[in-house]
Structures are given as C-alpha cells and as structure tokens.
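Accompanying notes for the structure given below.
Taken together, the values in this text are just the output of simple stated rules run on the coordinates, not laboratory data. The model shown is predicted, which means the values in this text are computed figures rather than measured ones. Glycine also receives a Cβ, built like all others from the backbone with ideal geometry; neighbour counts cover every protein chain displayed.
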C-alpha cells in the first residue's frame, strides 16, 4: 500500500501560507487573488480526509479571481465551523524590518504578513482537526476559509447568498488573545456630496457655496450623533455608544471662487440592536429639508455595503462552553468581523483566536509563539464538545 501523505507541521504550514501573497484592496492595482491560499488549504485538508469544496466568489470586472473554501469532515446536522479569512491588508515592505512574505521566528514570536490576522489561525485549526481525522464524528467539523474580509466582505456575503455552510456553531479565529468575544459594533462608510454653484468670490450672490452648506450638514450630523448616543448605550463596549467619525472632506479649487462642489466621507459604528439601513434612512430624512432650505443638491452614497452589528446571547451553549474552557467572560470589541454573516446562516457564532488585534494591519506583524499550543488545545476541546 502507498504510504500515507506526510502532513506539514504547524510552522511549515504558516510559512507556506505567508509566502502566498493574498492582499485584498479596494484599489484594483493592489488587489490580489486568494486562490493559491485556498488551493493550498484544500490540498492539506483533502489529504486528511476532508471533503473540500472551492466556491468561486463573484467579483467585479477586472478583479482577480477570488474563492471560498468549505472543507467538511463527517456528516449530518449540527457540528462546528472553524472559520477564518485568507486575505491580508496591503503592506509597505520598506517599513518592515523583516521580509513580510516569509515566516520569521524570533524572540518567541512568529513574524510575517497575516501571521496574526489571520493566516496563523488555519495551521492551528488544521493541527487541532488532525487529532480527529480517524474518528467517527457525531456531527461534522467544517473548516471555512473566506475571501476579501479586509476589503468588501464579498466572500462572507456570498456564503449567505448560497446558504452554506450549515452547522450548529461557528468560531471565527480572529486575534482575541484566546478570549471569547460575543458581540461587536457594525460599520458603515458613507459619503455626502453637495453640489452648489461656483462663481466669483467678490459677490456671494453669484453662486451657492457647497462648502458653507457642508458646515451646516456636518453640524446636523453631529446633532444626529448626539441623539443616537442618548438613545443607544451598551456597557460591554469600551466606547459604550454608537459613533460617527468625520473622516475626510474635499471641496473647492481656489480661494477666490465660490465652492461649487464639496464631499465629506464619514464612518458610523452602530451598536447591536441598531439597523444599518434604518440609520441610512434617518440620515436621508434629515438631509432632504436641508437641501430644500439651502436650495442646493445633497446626495448620500454608501462607500460599501457595510457590516451589521453582531451579538450572540450570553446564555448560548457556545458562549458558555468557551467561557468555561478559557476562564474568561465573553466580551465585546469595536472592530468588525464576518460574524454577522455566519449568524445569518443560522449558527451560534463567537470570535476567538490566537494573537493580538493590536499587531494587525501594521509593519512587523507577529503572533506570540506561546499562543500556538494553547490555541490548538482549546480547539480540540471545542471539537470534542460539538462534534463528538
């Protein structure tokens, strides 16, 4: 009989994944395919007996190919999903002290692009699953790998569209220091464009100043923010209220011309219990009378579809199990994840993985080596609890 294919070690897998660049970016010139990462994961998991399904993700014209991977061991209802995204943010290699596309082990740390956010989760999940490859599972174990979490969330959105995968529970291995997270804020990125009338600045009556109108609109949005914060609070969050951040503003072209056009971009971080579309509708309702009073064009556009706020009940079986295994009460974070999309598929969902979010999205990203084995042991216990 042929010898069973040898399986790479955890560090070997992480090295190979980091070597495969998979940047996702809204800028087409920077955006890259994640298919090499997906295919490598499918190879390893297929060799372990997983049924692997590579699913192409719909992309706009000119974008590189993207895909999700659903790898399943066992069958039947229920079960556990271990989920992560395969893409990374862009990087400035001249700011790194080591090669971002190679795994560097130094000072008890594993350096490399995506080491903590979040390619490092996959070797850990695969190593945990290896202990069960010859077991007869009572419920399936699914390892899910997605595309474009760092840019558009198109991979997770595509899963909702096709209605897969189905399981009882899902753990997303974003870096939380192995502490369970059961809720996070949503995120919206919006743009307001005001179109006025340019003219000579010596006579304001010759035009309609879009920048002056934007000052009024921004003040009204600040008032809206105060109203939201008076209405919604959640003490689980470090910042316990929804936020609106005025991020950037562009308008006009010369000091002696009345500003004919002005755009402001801002983000909103809704709390669980708030609906993104209802927030957008409330803003549109406020803008309409301002446009009429100022006799100027005001348009609201979404810069991307947004991430819903997410919350799993404190008494869910998954939350209780993770609190017991880790000794930490489930908490909240302000950054967004794919959790609300998996929740829409009907799964109790929780965020918990190795590494520190403070190391993400910056030069010399690393995961502490002492997080690796505890993470493997923790995932083994979850697999035993929900699949055996």
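Calculate the all-directions average of the projected area of the range 237-307's alpha-carbon convex hull, and give it in nm².
On the way: hull surface 25.6 nm².
In nm², the orientation-averaged hull projection of the range 237-307 is 6.4.
Between 177, 114, 76, which gets the highest mean-square fluctuation from a Gaussian network model of the chain, Cα cutoff 10 Å?
With Cα springs under 10 Å in the chain, the top fluctuation among 177, 114, 76 is at 76.
Per 0.36 nm of contour for each residue apart, how much would the distance between residue 288 and residue 361 grow if the chain were fully extended, relative to their Cα-Cα spacing? Walk me through the numbers on the way to the answer.
On the way: separation 73, 0.36 × 73 = 26.28 nm, distance 3.82 nm.
Separation in residues times 0.36 nm, less the Cα-Cα distance, equals 22.5 nm.
Taking every DSSP beta bridge with both residues inside the chain, roughly what % is antiparallel (nearest 5)? Each step should come with its number before you reach the end.
Details: 46 of 64 bridges.
Percent antiparallel among DSSP bridges in the chain is about 70.
Compute the convex hull volume of the Cα atoms of the range 188-302, divide it by the residue count, and report the result per residue in Å³ as a whole number.
Details: hull volume 10.9 nm³, N = 115.
So the per-residue hull volume is 94 Å³.
Going out from 0 in 5 Å bins, what whole percent of all Cα-Cα distances in the range 139-182 drops into each bin?
5, 16, 24, 25, 22, 7, 1
Relative to the first principal axis of the alpha-carbon coordinates of the chain, what is the inclination of helix 317-326, with its axis defined by its Cα atoms, in degrees from 0 to 90 and to the nearest 10?
Tilt of helix 317-326: around 70 degrees.
Measure nothing fancy, just the Cα-based angle from helix 276-294's long axis to the longest principal axis of the chain, in degrees from 0 to 90, nearest 10.
Around 10 degrees separate the two axes.
Of the listed peptides 68-75, 39-46, 235-242, what is their order by residue-averaged count of other C-beta atoms within 10 Å, with the highest listed first? Write down the numbers at each step before the final one.
Working: 68-75: 21.4, 39-46: 18.9, 235-242: 14.8.
Ranking the peptides 68-75, 39-46, 235-242 by packing returns 68-75, 39-46, 235-242.
Output the antiparallel fraction of DSSP beta bridges having both residues in the range 74-231, as a percent to the nearest 5.
Numbers: 4 of 14 bridges.
About 30 percent, rounded to the nearest 5.
Calculate the length of the line joining the C-alpha centroid of the range 334-388 to that of the range 244-286, in whole Å.
For the range 334-388 versus the range 244-286, the Cα centre distance is 33 Å.
When the Cα atoms of the range 280-340 are enclosed in a convex hull and the volume is divided per residue, what value in Å³ results?
So the per-residue Cα hull volume is 118 Å³.
Using only Cα atoms, find the angle between the long axis of helix 372-387 and the longest principal axis of the chain, and express it within 0 to 90 degrees, rounded to the nearest 10.
Once rounded, the angle reads 80 degrees.
Using all C-alpha to C-alpha distances in the chain, build P(r) with 20 Å bins and read off the rounded percent in each one.
26, 51, 20, 4, 0
Please label the shape of the range 335-380 as rounded, prolate or oblate, based on the square roots a ≥ b ≥ c of the eigenvalues of the alpha-carbon gyration tensor (a/c under 1.5 means rounded; beyond that, a/b larger than b/c means prolate, else oblate).
Numbers: a/c = 4.38, a/b = 1.40, b/c = 3.14.
Oblate, since a/c reaches 1.5 and b/c is not below a/b.
Once you have the Cα-Cα distance between residue 12 and residue 300, take 0.36 nm times their residue separation minus that, and quote the gain in nm to one decimal.
Contour length minus the Cα-Cα distance gives 98.9 nm.
Would you mind checking the range 250-283 for residues with the amide N under 20 Å from a putative spin-label position 7 Å along Cα→C-beta of residue 231?
Within reach of a label on residue 231, which here means backbone N under 20 Å from a point 7 Å along Cα→Cβ, the range 250-283 contributes 266-283.
Taking the alpha carbon gyration tensor of the range 294-388, what are the square roots of 5 times its eigenvalues, largest first, to the nearest whole Å?
Numbers: eigenvalues 228, 83, 25 Å².
Semi-axes from the Cα gyration tensor: 34, 20, 11 Å.
At q = 0.11, 0.17 Å⁻¹, what base-10 log of I(q)/I(0) does the Debye formula yield for the range 6-136 when every alpha carbon is treated as an equal point scatterer in vacuo?
These q points yield log10 I(q)/I(0) values of -0.43, -0.94.
Using 1/(1 + (r/R0)^6) with R0 = 22 angstrom and r between the beta carbons of residue 105 and residue 29, what's the FRET efficiency to the nearest 0.05?
FRET efficiency, residue 105 to residue 29: 0.10.
Multiplying the sequence separation of residue 373 and residue 51 by 0.36 nm and subtracting their Cα-Cα distance, what value in nm do you get? Intermediate results must be reported in sequence, preceding the final value.
Values: separation 322, 0.36 × 322 = 115.92 nm, distance 2.58 nm.
Going from the current span to full extension adds 113.3 nm.
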